[in-house]
Amino acid sequence: MTLPAVKSRIGESRPTTSLPGDTGTAFVVGEADRGPVDTPVLIRSMAEFEDNFGPRVTYSYLYDALDVAFNEGLDHAYLVRTVGPAAVTATKNLVNSEGEAKDTLEVKAVSPGAWANKVEVAVVAGVTEGTFHLHVSYEGTLKEVSPELADNTAAVAWATKSSYITLKDLGKGDPKVQTITLAAGADDREHVTTSVIESSLELFGADLGPGQVAAPGNSAEAVQQAILAHCAATLRVPVLDAEDTGKAETLIAACGALRGSEGAKQGGIFGPWDIAPGLSIGTTRTVPASGRQLGAMARVDASTGSPDNAAAGDLGKAQYVIGLSQTFSASDREALNEAGFNVSIMDEGVPTTMGWRTLADPVNEPGWTPLSSARLMLGLGAGAKKILKRYLFKKLDAGKNTVNRAKGDIENEVVKPAYEAEALYGATEAEAAQVTVTQDVNPTNGAIGSITATLVARPTLYAEEIELVVVETNQTI
């Protein structure tokens, strides 16, 4: 069976014969006060976060991590809220005014959770005879007021734009004047399992493009494996949080458990956690490291125009975060770096990322060890895939004009900008990258026809170690 689509994967060997897409995008899952659980929501600020997901809550790091990310340079993120499988959407029915009271409008919260147990809906008589208004309050504060509504049909239509409720006409006439409070909403937070997080990650379809994926503060191995698997399938970058501990051996063991997993070569694990300014003057917050890293990657990508620049060293200095939760000795840092753990240190009084490695096996996959190389290759892949979508259902001609155009587009729109940005290593563009595109007009897999494209590139590496030698001499120099 075949499904019309443009597919992509990471290749293991070369063939025998400004990047499209925003690599700074963040894809984040976590618990929140309220908000959609079945679709990604694009946010561009913490104001938009609060509009969609509510205020900061003590049981989740999502708010704090995103707040740090935006202050560190993140431009936008897709969010999916997680709840347990037994989560309940609060509801209550309005009753009619015709004789014996009967349910006439089902009022339901726009998303599951206990938050909606504080939503009140009041039916208020309109000025025009036979009409009514709906007033929606949250935590005792009036939030929404409808215009005069002639009947239930008009009320249902108005509620489609409400940020708090939906309505269903039960067909029993107009509601009488009354006030109700929604009830029985529940989050089921204690059962937000790995399978729940996996389902949330699946909502970030590959069509949303490249970027970084995180579940802030969740250091469970099973969850991290789920993020790695998602990123392997979507060509995205895992940004993992370690346990907030100063024990290097614990962190090295965590890296070892992930190394070799599918998707491990595409991203990294970071620590220690950050100390950020609190929401009240004179206070601080301890925030998972993923927040600052999501912001730094987006900031550096935007300022340099390419994801091959390490957001480490001078480019990895915090813009907002003020401290770190743990410190490590030089010997521990060396062991952590070799294990694939990216350590931040205080440098010149500023929290600074001082490691930029993936969780790739340095023996079997040395080319994937630099996180900058991994992010570049994933960005190149996303750009090439976007171009190849243009050629889905295009004619395959004997002169191979279609595949030749596809090859030229990838070279001109993906390879050339990367080479000019010095992201690819070679004396010439041809030495730095090779694009091969072929066609098959009689494939054996049941497809009508197929195009196969291969992009081989040599990323530019970074200096991970610098040595200075100072020599004294009494001779003339």
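The values are calculated or read from the model by the stated rules, or taken from the named source; none is laboratory data. Model, not experiment: these values are computed from the prediction. Note that each Cβ is placed from the backbone with ideal geometry, even for glycine, and that neighbours are counted across all protein chains shown.
Structural remarks
- Failed condition for Arg299, given (1) crowded, with 17+ Cβ neighbours inside 10 Å; (2) part of a helix (DSSP H, G or I); (3) more than 25 Å from the chain's Cα centre (by Cα): (3)
- Count - residues of region 223-256 that are at pLDDT below 95 and among the acidic types (Asp, Glu): 0
- The single residue among Glu422, Glu431, Glu411 that is in contact with a helix residue (DSSP H, G or I) (Cβ under 9 Å, 6 or more places away or on another chain) and either at positive phi or assigned to a helix (DSSP H, G or I) (or both) turns out to be Glu411.
- Filtering region 167-193 to residues that are buried (at least 16 other Cβ atoms within 10 Å of the Cβ), among the β-branched types (Val, Ile, Thr) and closer than 27 Å to Leu79 by Cβ leaves only Val192.
- Exclusive hit being in a helix (DSSP H, G or I) and under 18 Å from Val136 (Cβ atoms), set Asn93, Asn117, Asn71: Asn117
- The number of residues in region 246-296 that are in a strand (DSSP E or B) and of a type in the set (Gly, Ala, Ser) comes to 3.
- Restricting attention to region 244-266, the residues that are among the hydroxyl-bearing types (Ser, Thr, Tyr) and either touching a Gly at 6+ places or on another chain (Cβ under 9 Å) or buried (at least 22 other Cβ atoms within 10 Å of the Cβ) (or both) add up to 1.
The rows are residues; the columns are (1) aliphatic (A, V, I, L, M); (2) touching a Gly at 6+ places or on another chain (Cβ under 7 Å).
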site: Gly313; (1), (2): no, no
site: Gln326; (1), (2): no, yes
site: Met346; (1), (2): yes, no
site: Thr352; (1), (2): no, yes
site: Trp356; (1), (2): no, no
site: Leu359; (1), (2): yes, yes
site: Asn364; (1), (2): no, no
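- Any chance Ser60 is in contact with an Asp or Glu (Cβ under 6 Å, 6 or more places away or on another chain) and either assigned by TED's automatic domain parsing to the domain that holds Ser200 or modelled with pLDDT of 95 or more (or both): yes
- Answer residue from region 375-409, given it is over 20 Å from Ala233 (Cα atoms) and basic (Lys, Arg) and is farthest from the chain's Cα centre (by Cα) among those: Lys400
- Taken together, the criteria place Glu411 among residues that are within 27 Å of Leu208 (Cα to Cα) and either surrounded by 14 or more Cβ atoms within 10 Å (Cβ to Cβ) or in the same structural domain as Asp314 (by TED's automatic domain parsing) (or both).
- Residue count, region 195-206 (criterion: surrounded by fewer than 16 Cβ atoms within 10 Å (Cβ to Cβ) and more than 13 Å from the chain's Cα centre (by Cα)): 1
- Residue list for region 39-60, restricted to those being under 11 Å from Val28 (Cα atoms) and not β-branched (Val, Ile, Thr): Pro40, Leu42
- Summed over region 353-368, the residues that are buried (at least 21 other Cβ atoms within 10 Å of the Cβ) and not charged (D, E, K, R) give a count of 7.
- So Tyr78, is it of a type in the set (Phe, Trp, Tyr), touching a Leu at 6+ places or on another chain (Cβ under 8 Å) and modelled with pLDDT of 95 or more: yes
- Of residues in region 232-243 being assigned to a loop (DSSP other than H, G, I, E, B) and touching a strand residue (DSSP E or B) at 6+ places or on another chain (Cβ under 7 Å), the one surrounded by the fewest Cβ atoms within 10 Å (Cβ to Cβ): Ala242
- Among the residues making up region 244-277, a single one is polar (S, T, N, Q), under 30 Å from Lys386 (Cα atoms) and out of contact with any strand residue (DSSP E or B) (no Cβ under 7 Å at 6 or more places or on another chain): Ser261.
- Number of the exception - Ser195 against (1) in contact with a helix residue (DSSP H, G or I) (Cβ under 7 Å, 6 or more places away or on another chain); (2) at pLDDT 95 or above; (3) outside any strand (DSSP E or B): (1)
- Failed criterion for Ala398 (all others in (1) exposed (fewer than 13 other Cβ atoms within 10 Å of the Cβ); (2) within 20 Å of Leu461 (Cβ to Cβ) hold): (2)
- Residues that are over 10 Å from the mean Cα position of the chain (by Cα) and at pLDDT below 95 within region 19-35 comprise Leu19, Pro20, Gly21, Asp22, Thr23, listed in sequence order.
- The residues listed here are Val136, Val83, Val119; of these, the one that is in contact with a Ser or Thr (Cβ under 9 Å, 6 or more places away or on another chain), farther than 30 Å from Ala215 by Cα and among the β-branched types (Val, Ile, Thr) is Val136.
- Condition check for Thr454: outside any helix (DSSP H, G or I) and loosely packed, with under 14 Cβ neighbours inside 10 Å: no
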